[in-house]
Amino acid sequence: MNSSLVSYNGTGASDSGFYIIAFQTLQNKNYLILALSFIFFITLMGNLVLLAFVYLNPSLHNPKYVAVCNLAVVDISISSVIIPQMVPVFVLNLNYVSFELCFSQMFFLHFFADMESFSLAVLAYDRLVAICLPLRYPVINTIQRMCLILAGVWFLVFLLEIYPVSLASRLSYCASRVIRSCCCEHGPVYILACGDTSYNKRLATAKTMVVLLCPLTFIIITYLIVIITVLKIASVEQCWKAFNTCFTHLLLVLTYYLPVILAYLLGNVRLMLTPDLLTAILTVTATLPPMLNPIIYSLKTEELRVIIMKVLGWKKIAPELIKSDMKYID
């Protein structure tokens with residue numbers, strides 16, 4: 001381990017920076033890095049293609065796809081914060097990271113992870129208005145209003161993250177500088193500080209509960225309202241169309257929250273998992289949803305399917321899909 005610590009700039013533990021150490025007991029860790037690199041490539045390409053489709057097609061310039069593009073930007077950002085820096089660290093053993101760079105990565109890592117949760121809540125709001133108030137949707141949910149909502153969410157998440165990160169950056173790190181994680185996460189870093197860090201722990205726990213449970217609670221409430229509203233619809237066909245409208249968003253919610261719940265259980269339940277294996281699982285669960293989101297939207301959203309088929313030259317199929325366009329905004 002010591003040889004890798006000094007391989008970056010020839011200095012020892014007296015540096016003001018940190019050393020990222022993980023996966024040392026994990027066999028074939030290079031396969032994990034290769035898999036994560038593949039995930040990053042698919043994430044980047046899928047979300048960029050999704051953004052290009054929306055930008056190049058005026059029919060998709062509506063509040064829903066403003067929120068979809070926001071999620072795509074967040075997906076690209078969170079994967080870009082986590083995966084690219086892992087290649088030099090774990091393949092080339094360039095594991096030294098400066099103090100400033102470490103806390104910058106910490107902020108953006110948690111910022112975009114929180115934005116993922118809140119972005120799903122914004123999409124839930126859009127589905128709520130589209131199904132429960134379809135006739136008033138163009139008035140209530142304009143592009144300008146959606147942009148204001150998203151700007152408010154970005155500012156809120158900024159406020160939620162800037163204090164814990166700045167507080168951690170002011171701690172005294174006089175002992176170990178070895179971060180036993182794949183990147184500069186808040187938890188593995190602040191526990192290295194000297195002195196009492198109990199306040200940092202309570203703050204991190206409270207913040208995590210807020211950014212996970214508040215959006216999830218809002219999503220659950222919106223779908224309860226949607227279910228009640230849809231059940232009042234007389235036609236079975238209309239009920240099916242309304243539920244089909246929500247299906248894509250529900251897949252995104254499950255794709256995001258199920259791995260988070262799994263990671264939480266694995267981290268807190270007494271299972272026979274090594275720290276390196278747990279870190280690998282947490283890394284995959286954090287990077288997999290950004291890869292799946294554009295795929296889910298491309299396959300399950302009718303407008304995008306029609307446009308993709310037109311681009312691919314499947315003109316015989318596209319008109320049939322257009323005729324079956326849903327009554328509610330998808």
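Residue-wise test of (1) closer than 23 Å to L278 by Cα; (2) in contact (Cβ under 8 Å) with a residue 60 or more places away in the chain.
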| site | (1), (2) |
| --- | --- |
| S80 | yes, no |
| V89 | yes, yes |
| L92 | yes, no |
| P164 | no, no |
| A168 | no, yes |
| C174 | no, no |
| H186 | yes, yes |
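Within the stretch 155-189, if we keep just the residues that are among the β-branched types (V, I, T) and closer than 18 Å to K207 by Cβ, the residue that is farthest from the chain's Cα centre (by Cα) turns out to be V189. Scoring A124 on the criteria (1) of a type in the set (G, A, S); (2) in contact with a Ser or Thr (Cβ under 7 Å, 6 or more places away or on another chain); (3) closer than 19 Å to D75 by Cβ; (4) open to solvent by 30 Å² or more (accessible area, probe 1.4 Å) leaves a single failure, condition (4).
Restricting the stretch 77-100 to residues that are open to solvent by 30 Å² or more (accessible area, probe 1.4 Å) and in contact with a strand residue (DSSP E or B) (Cβ under 9 Å, 6 or more places away or on another chain) leaves a set whose member that is farthest from V178 (Cα to Cα) is Q85. Within the stretch 142-159, residues that are under 14 Å from D126 (Cβ atoms) sit with their Cβ atoms under 8 Å from residues that are open to solvent by 60 Å² or more (accessible area, probe 1.4 Å) and not hydrophobic (A, V, I, L, M, F, W, C), at 6+ positions apart or across chains, in these pairs: I143/H61.
Selection of the stretch 173-196 for residues being open to solvent by less than 30 Å² (accessible area, probe 1.4 Å) and outside any helix (DSSP H, G or I) yields Y173, V178, I179, S181, C182, C183, C184, L192, A193. Every condition in (1) touching a Ser or Thr at 6+ places or on another chain (Cβ under 9 Å); (2) open to solvent by 40 Å² or more (accessible area, probe 1.4 Å); (3) not small (G, A, S) is met by F111 except one, and the failing one is (2). For the stretch 215-241, filtering for residues that are surrounded by 12 or more Cβ atoms within 10 Å (Cβ to Cβ) and more than 18 Å from L254 (Cβ to Cβ) leaves 8. Take S98 and decide whether it is of a type outside the set (D, E, K, R) and under 19 Å from the mean Cα position of the chain (by Cα). It is false that S98 is of a type outside the set (D, E, K, R) and under 19 Å from the mean Cα position of the chain (by Cα).
Could you tell me whether S119 is under 21 Å from the mean Cα position of the chain (by Cα), polar (S, T, N, Q) and over 30 Å from V230 (Cα atoms)? Spell out how you get there, then give the answer.
On the way: under 21 Å from the mean Cα position of the chain (by Cα): yes; polar (S, T, N, Q): yes; over 30 Å from V230 (Cα atoms): no.
Considered against the rule, which asks whether it is under 21 Å from the mean Cα position of the chain (by Cα), polar (S, T, N, Q) and over 30 Å from V230 (Cα atoms), S119 comes out as no.
The values are calculated or read from the model by the stated rules, or taken from the named source; none is laboratory data. Quick caveat, the model's predicted, so the values are computed rather than measured. Heads up, the Cβs are rebuilt from the backbone with ideal geometry, glycines too, and the neighbour counts pull from every protein chain shown. What goes into the accessible areas is simple: the full protein's heavy atoms, side chains included, and nothing from ligands, DNA or RNA. Shrake-Rupley method; radii C 1.70, N 1.55, O 1.52, S 1.80 Å.
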